[in-house]
Amino acid sequence: MPETIYSSASIIDRRMMLEDALAAALDRDDNLRVGWADGERMVWVPARGDGDVSYGFSLWDIACEMEARLK
C-alpha cells in the first residue's frame, strides 16, 4: 500500500488535517455554523426546538477522537 501524506505526517499534523477537513465539510451544512471562539475552531449545532440555542463543539477535540480511532 502506498504511503500517503496523512500516514507519514506527525500526530499533530494529522489532527490538523482532520480539523481542516471537518471544518470544510461541516461548513457546507446550512444548519451548522463553523467559526472561532477563544482561539479554537468550533462547530455550533442548533438545539432541537429552539433556534436561539446552540451547542458548541471543538473541532480539535473531534479531530483528536477521530485520529485515535483511525489507528
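Taking the Cα atoms of the chain, report the difference between the largest and smallest coordinate on each principal axis, in whole Å and largest first.
Principal extents (largest minus smallest coordinate, Cα): 48, 24, 18 Å.
Let me have the 222 nm mean residue ellipticity of the chain computed from DSSP H runs of 4+ only, each contributing -39500 (n - 2.57), with the sum over all residues rounded to the nearest 500.
Calculated at 222 nm, the ellipticity per residue is -13500 deg cm²/dmol.
So what is the relative contact order of the chain, in percent, for Cα pairs below 8 Å that sit 6 or more residues apart? Each step should come with its number before you reach the end.
Values: 74 pairs, mean separation 19.7, N = 71.
Relative contact order comes out at 28 percent.
Who wins for biggest fluctuation among ASP30, ASP61, ASP13 in a Gaussian network model of the chain, springs between alpha carbons below 10 Å?
Judging by the Gaussian network model, the answer is ASP30.
Suppose the chain between ILE11 and ASP38 were pulled fully straight at 0.36 nm per residue; how much longer would it get relative to their current alpha carbon spacing?
On the way: separation 27, 0.36 × 27 = 9.72 nm, distance 2.30 nm.
Length gained, ILE11 through ASP38: 7.4 nm.
Which value, in debye to the nearest 20, gives the size of the charge dipole of the stretch 6-71 about its Cα centre, when Lys and Arg are +1 and Asp and Glu are -1 at the Cβ?
It comes to approximately 280 debye.
Coordinate-derived values only; no laboratory data. Just so you know, these numbers come straight off a predicted model, no measurement behind them. Counting neighbours? That spans all protein chains shown, and the Cβs are built from the backbone with ideal geometry, glycine included.
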